[in-house]
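Handing you a structure now.
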Amino acid sequence: MAWSDRVLAIRDRWLSSPRFQRWAAAFPLTRPTARRRARALFDVCAGFVYSQILFACVRLKLFDLLAEEPQSAAGIAARLSLPLDSTQRLLDAAVSLRLVEKRSAERYGLGALGAALVGNPAVGAMVEHHSLLYVDLHDPVGLLRGNAPKTELAKYWTYSAEEPAGASGRPGPDYTALMSSSQPLVASEVLDAYPIQKHRCLLDVGGGDGSFLIEASKRAQHLQLMLFDLPPVAKTAALRFEALGLGPRTRAISGNFLTDELPDGADVLSLVRVIHDHNDDAAMALLRAAYRALPAEGVLLLAEPMSGTPGAATVGDAYFGFYLLAMGRGRPRTPENLQQMLLAAGFKGTQLMRTRQPLQSRLLVAQKG
Ligand SMILES: C[S@@+](CC[C@H](N)C(=O)[O-])C[C@H]1O[C@@H](n2cnc3c(N)ncnc32)[C@H](O)[C@@H]1O
């Protein structure tokens, strides 16, 4: 056994001993650490309750209400059509989570986290969407054993060539609108980290409603834009490009990247939040298809949340790990793992670019030649 394993085994024995725990909580030098650890453990145990409090705030549009102006509990109760004591309970919980803040004259305003939500509707859309994940995660062991029935997320992410029934009333599948709401954040991360201006034509594979290409079009006026997605999604993108006057610069191509060849003609190809949705075989097939579609000097941009991200490991490994488990396919991969896959697909060199906020996505750039 390595010496570090022996040290950690002793630490584990101490930390799991009730006698040591009592001593550490009382001794002045260990007390702060013992309290921090107890608090961290409690937060992991109670995280699902915190999320549901946030869900109630979002569903009731509490943050929009408080963004108007700070208000009394009675005023909030009347606007939310909730009994006063329930409103007070929700406000107390939201204050404890820094979603709401107490203000002067017994009023309540936005807390630091609640205010960030008002300026970022994508997070609100994700919180609403989590009602599906919440149902799927009620039996995590069943999911891990692979014997869960068809999950809510598997039904949501249908990836079908058929026109969807669409609960949202917007054209295209509901997931396209959800992805679109968070795409501006991802697009600016990617396009700030990589100089797209040096290219002639960008093909965004699995490009959704075209949000990434629309952002790229603003950064490089000369850039031609191609999008490849399933028929109902590509149709939504084409309508959007036309409405924005981007018709002459864009082509939205319908197809299935698991069975069809990707169109050629672009010198840079992007896969934004696409590879992590797929199991290894499908992901490798798509990377090989991307390699074939690019010219000799072509570049692939692969952007998605990744496993093992320093400072964001809970996002990549806990959140996306279990989100994709519930969806029934795909997994978050480390940059090293993705780099190996890119090399195996034929790419010559890969580079992990620095992004400001690697929570939502990190960026790998791969060179064909
Ligand atoms: C998670 S979404 C990402 C959308 C967009 N790139 C973004 O980041 O907002 C995955 C996209 O891949 C598309 N897609 C999934 N399977 C596909 C397939 N077999 N062929 C073509 N597109 C597919 C979906 O329709 C969807 O638009």
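What follows is calculated from the coordinates using simple rules that are stated; it is not laboratory data. Just so it is clear, the structure is predicted and the values come from calculations on it, not from any experiment. Here the Cβ is made from the backbone with ideal geometry for all residues, glycine too, and neighbour counts use every protein chain on show.
In whole percent, what relative contact order does the chain give with Cα contacts below 8 Å and a gap of six or more residues?
11
Of the residues 113, 133, 41, which exhibits the maximal mean-square fluctuation in a Gaussian network model of the chain defined by a 10 Å Cα contact cut-off?
For the chain, modelled as a Gaussian network with Cα springs under 10 Å, the answer is 41.
Check the straight Cα-Cα distances from residue 218 and name the lysines below 21 Å, setting aside those fewer than 8 residues away within the same chain.
198
Enter the angle in degrees (range 0 to 90, nearest 10) between the Cα long axis of helix 31-59 and the first principal axis of the Cα atoms of the chain, meaning the one along which they spread out most.
60
Might you report the magnitude of the Cβ-based charge dipole of segment 204-252 about its Cα centre, with Lys and Arg at +1 and Asp and Glu at -1, to the nearest 20 debye?
That gives segment 204-252 a dipole magnitude of about 140 debye.
What does a probe at residue 329 reach in segment 270-292, counting residues whose amide N is under 16 Å from the point 7 Å along Cα→Cβ?
Only 273-289 fall inside the zone, counting backbone N under 16 Å.
Rounded to the nearest 10 degrees, what's the angle between the helix 3-15 long axis and the longest principal axis of the chain, both from Cα atoms, 0 to 90?
Between the helix axis and the principal axis of the chain, the angle is about 40 degrees.
While we're looking at this one, here's another question. Lysines within cross-link reach of residue 155: Cα-Cα under 25 Å, excluding same-chain residues under 8 positions apart?
Of all the lysines, those that pass the test against residue 155 - Cα under 25 Å, at least 8 places apart if same chain - are 235.
Also: Where does the charge balance sit around residue 329 when Lys and Arg score +1, Asp and Glu -1, over other residues with C-beta under 12 Å from its C-beta?
Summing Lys/Arg as +1 and Asp/Glu as -1 gives -2.
If I fit a long axis through the Cα atoms of helix 174-193 and take the longest principal axis of the Cα atoms of the chain, what angle between them do I get, 0 to 90°, rounded to 10?
80
For residue 348, which aspartates and glutamates qualify as cross-link partners when the Cα separation must be under 17 Å and same-chain residues fewer than eight apart are set aside?
Hits, sequence-local ones excluded: 267, 297, 336.
May I pose another question? Can you put 317, 209, 281 in order of Cβ neighbours within 10 angstrom, beginning with the fewest?
281, 317, 209
Once label points are set 7 Å from the Cα along Cα→Cβ at both residue 139 and residue 318, what is their separation, rounded to one decimal in nm?
2.5
Can you list the GluC sites (Glu not before Pro) in segment 108-164 that are in a DSSP coil and have 13 or fewer other beta carbons within 10 angstrom?
The qualifying sites are 162.
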